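*Asks:* Take a look at the following structure, please.
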């Protein structure tokens with residue numbers, strides 16, 4: 001029986017800005033992307049998101065919330081890949097590694113061209129961030 005591959009991505013914030021990597025390998029070689037990758041056997045999805053973030057950006061990550069599950073069979077040209085995306089906060093010193101040629105901090109308001117469906121994931125994360133801010137304001141009143 002064939003099943004989809006499972007991946008984890010992080011919408012990683014560092015001092016209020018977004019951390020993106022430039023992909024070293026195909027598909028989308030040279031494109032910007034969220035830090036992320038395939039979940040290993042015996043690993044939780046959350047652990048995979050944290051591990052991939054560290055490997056690709058050098059940053060430690062604290063998961064803040066679930067952004068969503070992205071399962072369109074055509075989202076990855078390598079085949080059917082389901083990704084679970086998290087909103088996370090980054091800590092430490094940034095340094096690219098593993099599957100990334102670079103790790104960069106960009107403004108959430110001026111995004112470059114992105115690989116896969118990562119623009120949609122970021123858009124969903126922005127909605128989640130707005131919702132979280134509204135809830136925090138309501139609690140403080």
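The values are calculated or read from the model by the stated rules, or taken from the named source; none is laboratory data. Everything quoted here is computed from the prediction, not taken from an experiment. Note that we place each Cβ from the backbone using ideal geometry, even for glycine, and neighbour counts take in every protein chain shown.
*Asks:* Of the residues 86, 28, which is surrounded by 17 or more Cβ atoms within 10 Å (Cβ to Cβ), under 18 Å from residue 117 (Cβ atoms) and either in contact with a strand residue (DSSP E or B) (Cβ under 7 Å, 6 or more places away or on another chain) or without any contact (Cβ under 8 Å) to a residue 24 or more places away in the chain (or both)?
*Replies:* Being surrounded by 17 or more Cβ atoms within 10 Å (Cβ to Cβ), under 18 Å from residue 117 (Cβ atoms) and either in contact with a strand residue (DSSP E or B) (Cβ under 7 Å, 6 or more places away or on another chain) or without any contact (Cβ under 8 Å) to a residue 24 or more places away in the chain (or both) holds for just one of 86, 28, which is 86.
*Asks:* Follow-up. Select from the stretch 111-128 the residues that are within 19 Å of residue 8 (Cα to Cα) and either in contact (Cβ under 8 Å) with a residue 40 or more places away in the chain or touching a helix residue (DSSP H, G or I) at 6+ places or on another chain (Cβ under 8 Å) (or both) and list them in ascending order.
*Replies:* Hits for the stretch 111-128 are 114, 115, 116, 117, 118, 120, 121, 122, 124, 125, 128.
*Asks:* Tell me which of these residue 65 doesn't satisfy, since it passes every other one: (1) crowded, with 17+ Cβ neighbours inside 10 Å; (2) at pLDDT 95 or above; (3) touching a helix residue (DSSP H, G or I) at 6+ places or on another chain (Cβ under 7 Å).
*Replies:* (1)
*Asks:* So, one more: Please state which of the following conditions residue 108 fails to meet, knowing it meets all the rest: (1) closer than 25 Å to residue 40 by Cα; (2) in a loop (DSSP other than H, G, I, E, B); (3) touching a helix residue (DSSP H, G or I) at 6+ places or on another chain (Cβ under 9 Å).
*Replies:* Result: residue 108 passes all but (1).
*Asks:* State whether the residues of the stretch 8-16 include one that is outside any strand (DSSP E or B), in contact with a strand residue (DSSP E or B) (Cβ under 8 Å, 6 or more places away or on another chain), surrounded by 17 or more Cβ atoms within 10 Å (Cβ to Cβ) and modelled with pLDDT of 95 or more.
*Replies:* Within the stretch 8-16 (the criterion being outside any strand (DSSP E or B), in contact with a strand residue (DSSP E or B) (Cβ under 8 Å, 6 or more places away or on another chain), surrounded by 17 or more Cβ atoms within 10 Å (Cβ to Cβ) and modelled with pLDDT of 95 or more), the answer is no, since none of the residues qualifies.
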